[in-house]
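The values are calculated or read from the model by the stated rules, or taken from the named source; none is laboratory data. Keep in mind that this is a model prediction, so the values were computed, not measured. For neighbour counting, all protein chains shown are included, and Cβ atoms are generated from backbone atoms with ideal geometry for every residue, glycine included. The protein model used for the area step is the full one, side chains on, heavy atoms only, and it has no ligands, DNA or RNA in it. Shrake-Rupley method; radii C 1.70, N 1.55, O 1.52, S 1.80 Å.
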Protein chains: 2
Amino acid sequence: MKAYKNLKLLFKKLAHLQYTQKVMMWDEAVVMPEGAGAYRASTVATLDGFIQKTLIKKRTQAWLKDAKAESSALHPWDLANLKWMEKKYQNAVCIPPSLTEKFTKTKIICEQAWRKLRPQNKWSDFLPYLEATFHCAREVAERQAQVLNLKPYDALLDEYAPGFTQASIDQIFSELKVALPPLITAIREKQKTESLLPPQGPFSVAKQKAIGLQVMKSLAFDFNCGRLDSSHHPFCNGIPKDIRITTRYSENEFITSLLGICHETGHALYEQGLPAKWLSQPVGAIHSMAMHESQSLLIEMQVCRSPAYFEFLQPLIQQEFGQGEALTADNLFRLITRVTPSLIRVDADEVTYPLHVIMRYEIEKGLFNGELKLAELPQVWDELMRQYLGISTQGNDKDGVMQDVHWPSGAFGYFPAYTLGRLIAAQFFETFTKMEPHFSREVQKGEFQTLVAWLRKHIHSSASFLSTAELLTLVTGRNLETQPFIQHIQKRYLDKN
Amino acid sequence: MKAYKNLKLLFKKLAHLQYTQKVMMWDEAVVMPEGAGAYRASTVATLDGFIQKTLIKKRTQAWLKDAKAESSALHPWDLANLKWMEKKYQNAVCIPPSLTEKFTKTKIICEQAWRKLRPQNKWSDFLPYLEATFHCAREVAERQAQVLNLKPYDALLDEYAPGFTQASIDQIFSELKVALPPLITAIREKQKTESLLPPQGPFSVAKQKAIGLQVMKSLAFDFNCGRLDSSHHPFCNGIPKDIRITTRYSENEFITSLLGICHETGHALYEQGLPAKWLSQPVGAIHSMAMHESQSLLIEMQVCRSPAYFEFLQPLIQQEFGQGEALTADNLFRLITRVTPSLIRVDADEVTYPLHVIMRYEIEKGLFNGELKLAELPQVWDELMRQYLGISTQGNDKDGVMQDVHWPSGAFGYFPAYTLGRLIAAQFFETFTKMEPHFSREVQKGEFQTLVAWLRKHIHSSASFLSTAELLTLVTGRNLETQPFIQHIQKRYLDKN
């Protein structure tokens, strides 16, 4: 068992360094003075290089070999841990540390450039940064693909949504591409006659934050081990002991920041619910970004965008912003369920949202399979927007190809995790509400203990022990399906109101 | 030159990791959620261990040997750089990385305990933490002392104030111990008849911060490469590209936070004035904490506690807090120059302050020379306080032995740097004002360009190229003396008003 013990110690030290890296990236996005940007990029590159070199030392390979030889003595969680250790080693050993360093530096610089150039709508100035980042991402993907015996884009999917491939995602997304358009048409027809009152600002940031903190508290966010800040692009970053979420505020409206907080709180609850015993070990970490998004979207979409949730919110909101008719639960619910094709993915309604993701997925496939060039993206983007959502982004790259942080930050292959996570969320929640048919009465009262306890017991505490398919089957009795999501849309948007 | 080039690359990477460590420590003190404390301590310990192991790899020794062999071809700055590299290697190679890790973890946990236990006045609960930290510090000092052929406490002094030893500091401090008491008596006699109006709060934190930011701006603090926050204990941390200062606010009064900002801005200006060309190299770093304190104290004590500075401040303060008589330049200057023996070092006036430092220095000598035990400190503290300042701390350890962050954070040997820095500041400023006899007229108008340019040219840009004695001699024509400080006190407190 000595080899496995050595590996556990190695991965504990690596977890410390990865936590360090996360703090450096949180800091970069939230508090770092701008003039430190380039030096920060070099610094994190050096750190990532150290992490990589430490992981791929020759002794790691020897320990893995020895640990596998004696693995019959290991408990199931240790076996799963060993499997993840080997996977992490294999994914790293094929990448030269110099490439890791270059990729890190390039993508941090690229994201910094994006923050500046997006508001100026300067695609052609931004393109060289994106190209440098893409080239690194592709080289990494190609090297990992060789080891994993996959296509390069499948190697990326394997990182963010292990167990899924282009083949399986094509199948899932094709079902959505069939099911969603008629739903959208029917919903829009139904909503035509509904009246909406847009809330009138300004809504002070301090008051928005006060509501956000109450929302986090009601969802059992542990503030002793986490915090809320604001940043350019909302995110959740950290480890179970120190999990930090961000949102962004506008004084013109408060719903975006609030639902952003609900979403990121879902992410944070997953981390805070991971098994303490396995902290710092691969099997004790979050399973994948697809599973992570399932947790954020279960909270945001299934719970916090429900009519019951707005009944809970109404007094909180009216206490801060007054009692106007625009601030009633009914009106706010109608506002956030209004289905309209729109340019910006993160502001899209729940029903058109998957089409945004499918579009990015198709572009990424084209880029990595060699059918598309980055320089063509504004045109391709415009074409796909017209095709899927009937709107154009011609000449408006800031709300088109430049709208998301993912590509600038090198996270090619991430997008499908949103929609896979959305489907997983719907499937989990369907199972949960079958067991707790009166849960919406608890939501009305702002009581989420039943749900959080269920998520902790069935999902969070599983960490990386089971695959997505195994966990879904264990919890819901079947592998991933699109039906629970489609039925949820049908029910929330068409069945009554 | 290959060996020296390798060393430069190594130290560049180490500088990245040290910057990382600094961000982790800033984060720990300013934003980290409390529940992450223990894990953060382990994390920074791992990071410090990596830095240490990377520095003391066998190849470093070989490179140093080869670089020294070819050093005749090096320029003076490179020669000085090589000398610092060797010193850093020697100071590290004698410490087992496991001790480094243990020390880091122990002192971070100790500081976290101090933050909790100090307000509760719980010395006996705190003592075990402090003992663990002291034992690590002593072991490090003993190992370095052997290599340097010094006494252990001299090895610590060599870290914070290179060039100074117990022998030289004893001499300097004995001069102060003779000169200060009669000055204090005379000043207190003179001030007896002066009237003081204590400003009446509350003073909103937002307004205090607004004044602080203006003060920083006027002193040419570069906000593109730095920021201001608040923390438990004010500090300055970072690198030239990313320098962060903190202060602490109380609504009862605003002068502490404001002068804290002036002090830390002096530190920051030093970092921001370091030569960009030598960023990441040892010779391009700040020379020592003694020199660092000279820069903070020159700004705080010589400039910002002058009558002229309060003439500049008066409109800023009155704009935020109204026009009361208590807020006139005259009254505020009288307030901050009121000489009174007091318990808390950081709140002490300029004249009694060195006695606080001398007291800590004598205790540290006793601890490291084996004449004192930590458990005896409350009693020893009380005795020394009575002896030097005529006040007792019996039963009041929170304002006695537990008042400072230095020992909890493992920084034994740091205190003398404050008073050495204070003397250096006075000597530099005396030279400056001989060249710029009308500088106080610029201060009245909030114009500090002449001073900042002079500091940049003569001090900041020298970084670690010269020793303290060399730099003092170059700039002021002589080695360190106590006279400029004594004369400054005489002039500010006794000559007129």
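Antiparallel DSSP bridges in the range B:216-366: what percent, to the nearest 5?
Details: 5 of 10 bridges.
If I count the DSSP bridges inside the range B:216-366, around 50 percent turn out antiparallel.
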- Item | the protein assembly as shown - Cys residues lacking any other Cys C-beta under 4.7 Å | A:CYS94, A:CYS110, A:CYS136, A:CYS225, A:CYS236, B:CYS94, B:CYS110, B:CYS136, B:CYS225, B:CYS236
- Measure nothing but the geometry: give the 0 to 90° angle between the long axis through the Cα atoms of A:76-93 and the longest principal axis through the Cα atoms of chain A, rounded to 10°. 80
- From largest accessible area down, sort B:LYS65, B:LYS398; use a 1.4 Å probe on the protein chains. B:LYS65, B:LYS398
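Kindly flag which residue pairs out of B:LYS22/B:LYS102; A:LYS8/A:LYS88; A:LYS107/A:LYS177; A:LYS2/A:LYS68 have an alpha-carbon separation exceeding 22 Å in this structure. Walk me through the intermediate numbers first.
Numbers: B:LYS22/B:LYS102 18 Å; A:LYS8/A:LYS88 13 Å; A:LYS107/A:LYS177 32 Å; A:LYS2/A:LYS68 11 Å.
Checking Cα-Cα distances, A:LYS107/A:LYS177 exceed 22 Å.
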- Task: State the answer as a single residue: which of A:GLN171, A:SER204, A:LEU148 lies farthest towards the positive end of the charge dipole of the range A:121-239, with beta carbon charges of +1 for Lys and Arg and -1 for Asp and Glu, about the Cα centre.
- Result: A:SER204
- Query: When each copy gets a label point 7 Å from Cα toward the beta-carbon at B:GLY370, what are the spacings between them in nm, shortest first?
  - Reply: 7.5
- Query: In whole angstrom, and with the biggest value first, how far do the Cα coordinates of the range B:225-287 range along each principal axis?
  - Reply: 45, 16, 14
- Message: Just to confirm the number: angle between the C-alpha axis of helix B:166-191 and the first principal axis of chain B, 0 to 90 degrees, nearest 10?
- Response: 10
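Can you quote the Å³ per residue value for the convex hull of the Cα atoms in the range B:153-258, rounded to an integer?
Working: hull volume 18.5 nm³, N = 106.
Each residue corresponds to 174 Å³ of Cα convex hull volume.
With a ≥ b ≥ c taken as the square roots of the eigenvalues of the C-alpha gyration tensor of the range B:438-482, please select rounded if a/c is under 1.5 and otherwise prolate if a/b is larger than b/c or oblate if it is not?
The shape class here is oblate.
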- Query: Rounded to the nearest 10 Å², what accessible area does B:ASP347 show when all protein chains are kept and the probe is 1.4 Å?
  - Reply: 100
- Message: As an exercise, use a Förster radius of 25 Å and the Cβ-Cβ distance of A:ALA38 and B:LYS87 to find the FRET efficiency, rounded to the nearest 0.05.
- Response: 0.30
- Task: Mind jotting down the distance between the C-alpha centroids of the range A:311-348 and the range B:296-333, whole Å?
- Result: 50
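With both bridge residues required to lie in chain A, what share of the DSSP beta bridges run antiparallel, to the nearest 5%? Let's see the in-between values first.
Values: 5 of 10 bridges.
About 50 percent, rounded to the nearest 5.
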- Message: At 1.4 Å probe size, what's the solvent-accessible area of B:ASP495? Round to the nearest 10 Å².
- Response: 100
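In chain B, how does Rg compare with the Kirkwood Rh, expressed as the Rg/Rh ratio over alpha carbon atoms?
Working: Rg = 22.5 Å, Rh = 23.7 Å.
My calculation puts Rg/Rh at 0.95.
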- Two decimals is fine: what is log10 I(q)/I(0) at q = 0.11, 0.14, 0.19, 0.21 Å⁻¹ for the range A:72-207, from a Debye sum with one equal scatterer on every Cα and no solvent? -0.78, -0.97, -1.10, -1.17
- In deg cm²/dmol and to the nearest 500, what is the mean residue ellipticity at 222 nm of the protein assembly as shown if only DSSP H runs of at least 4 residues count, each as -39500 (n - 2.57), divided by the residue total? -20000 deg cm²/dmol
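Tally the DSSP beta bridges in the protein assembly as shown and give the antiparallel ones as a percent, rounded to 5. Working shown, then result.
Working: 10 of 20 bridges.
Counting only bridges with both partners in the protein assembly as shown, antiparallel ones make up about 50 percent.
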- In 10 Å bins starting at 0, how do the alpha-carbon pair distances of the range B:1-116 split up by percent? 13, 38, 26, 16, 6, 0
- B:ARG188 accessible area, assembled protein chains, probe 1.4 Å, Å²: 100
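Chains B and A: how much accessible area gets covered up at their contact, both sides added, probe 1.4 Å, in Å² to the nearest hundred? Walk me through the intermediate numbers first.
Numbers: alone 21400 and 21430 Å², together 39750 Å².
What B and A bury together is about 3100 Å².
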- On each of the three principal axes the extent of the alpha-carbon atoms of the range B:126-173, given in whole Å and largest first, is 34, 26, 14
- Largest-first principal axis extents, alpha carbons of the protein assembly as shown, Å: 92, 68, 55
- Query: Can you give the FRET efficiency for B:LYS207 and A:LEU335, using 1/(1 + (r/R0)^6), R0 = 51 Å, r = Cβ-Cβ distance, to the nearest 0.05?
  - Reply: 0.85
- Query: Hey, what did chain A get for relative contact order, percent, Cα under 8 Å, at least 6 apart?
  - Reply: 19
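Calculate the mean, over all residues of peptide B:47-55, of how many other protein chain Cβ atoms lie within 10 angstrom of the residue's Cβ. Display every interim value, and only then the final one.
Numbers: counts 7, 0, 2, 8, 1, 0, 1, 2, 0.
The shielding value for this peptide is 2.
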- Nearest-ten-degree value, helix A:255-272 long axis tilted from longest Cα axis of chain A: 40
- At what distance in nm do the modelled label points of B:ALA73 and B:LEU474 sit from each other, each positioned 7 Å from its Cα along Cα→Cβ? 2.6
- Note on the structure: In order over the range A:438-453: 3J(HN,Hα) from phi, Karplus 6.51/-1.76/1.60, θ = phi - 60°, whole Hz, x for each Gly or Pro, gives 9, 4, 4, 5, 5, 4, 3, 8, x, 10, 10, 4, 4, 5, 4, 4
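Any idea of the accessible area per residue across chain A, 1.4 Å probe, to the nearest Å²? Please list the in-between numbers first.
Values: 19890 Å² over 497 residues.
Each residue of chain A exposes 40 Å² on average to a 1.4 Å probe.
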- Query: Across 5 Å bins from the origin, how do the percents of Cα pairs in the range B:398-497 run, short distances first?
  - Reply: 2, 10, 16, 19, 17, 14, 11, 8, 2
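What ranking of B:LYS68, B:LYS373, B:LYS58 comes out by heavy-atom accessible area, probe 1.4 Å, highest first?
Numbers: B:LYS68 100, B:LYS373 145, B:LYS58 180 Å².
Heavy-atom accessible area, descending, gives B:LYS58, B:LYS373, B:LYS68.
Express in nm, to one decimal, how much length is gained between B:MET1 and B:ASP125 on full extension, taking 0.36 nm for each residue of separation and deducting their alpha carbon distance. Intermediate values should be presented prior to the final figure.
Numbers: separation 124, 0.36 × 124 = 44.64 nm, distance 5.50 nm.
Full extension from B:MET1 to B:ASP125 adds 39.1 nm.
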- Query: According to a simple spin-label model (label point 7 Å from Cα along Cα-to-Cβ), what is the distance in nm between A:LYS217 and A:GLN318?
  - Reply: 2.0
- Between B:VAL205 and the same site in the other copies, what are the distances in nm, shortest first, taking label points 7 Å from Cα along the C-beta direction? 1.6
- Message: Quick one: 3J(HN,Hα) in Hz for the range B:304-310, Karplus 6.51/-1.76/1.60 with θ = phi - 60°, rounded, Gly and Pro as x.
- Response: 7, 9, 8, x, 4, 5, 6
- In nm, to one decimal, how far is the A:GLU383 label point from the B:LEU99 one, both placed 7 Å along Cα→Cβ? 6.8
- Task: Assuming a ≥ b ≥ c are the square roots of the Cα gyration tensor eigenvalues, decide whether the range B:295-386 counts as rounded (a/c under 1.5), prolate (otherwise, with a/b larger than b/c) or oblate.
- Result: prolate
- Task: Can you tell me the relative contact order of the range B:223-292? Whole percent, Cα pairs under 8 Å, sequence separation 6 or more.
- Result: 24
- One quarter of the C-alpha convex hull surface, i.e. the mean projected area of the range B:355-397 in nm², amounts to 2.8
